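*Asks:* Please read through the structure below; I'll follow up with questions.
Read-outs: derived from the displayed coordinates by stated rules, not from any lab. Quantities reported herein were computed from a predicted structural model and do not represent experimental measurements. Here the Cβ positions follow ideal geometry from the backbone for every residue, glycine too, while neighbour counts run over all protein chains shown.
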Amino acid sequence: MKGKKIVLGITGSIAAYKAAILIRGLIKKGAEVQVVITPAGKEFITPITLSALTSKPVISDFFSQRDGTWHSHVDLGLWQMPW
């Protein structure tokens, strides 16, 4: 998994807590993980926990709360591509 970039989507499910275990395992094997979480997913696991594990901000809104700018979902695909 070394050098792999993984986008992990988390939705509202009781199993969302298992994301922390999955992230820890992926990072231990050398992967870089970016988390995207739905509002319902935040009811089961906090973005702060996920951010602490990945060392990246968790994406939960595609519009900035501060200034309304749009965070392009395309950027996630470009980040993940090996080129």
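*Asks:* Provide the packing ranking of 21-29, 37-45, i.e. peptides ordered by the mean count of other C-beta atoms within 10 Å per residue, highest first.
*Replies:* Per-residue Cβ counts within 10 Å, averaged per peptide and sorted highest first, yield 37-45, 21-29.
*Asks:* Tell me the net charge near TRP79. Cut-off is 15 Å between Cβ atoms, TRP79 excluded, with +1 for each Lys or Arg and -1 for each Asp or Glu.
*Replies:* So the surrounding residues net to +1.
*Asks:* What is the set of long-range amide H partners of GLY9 at a cut-off below 5 Å, with H atoms built 1.01 Å from backbone N?
*Replies:* The answer is VAL36.
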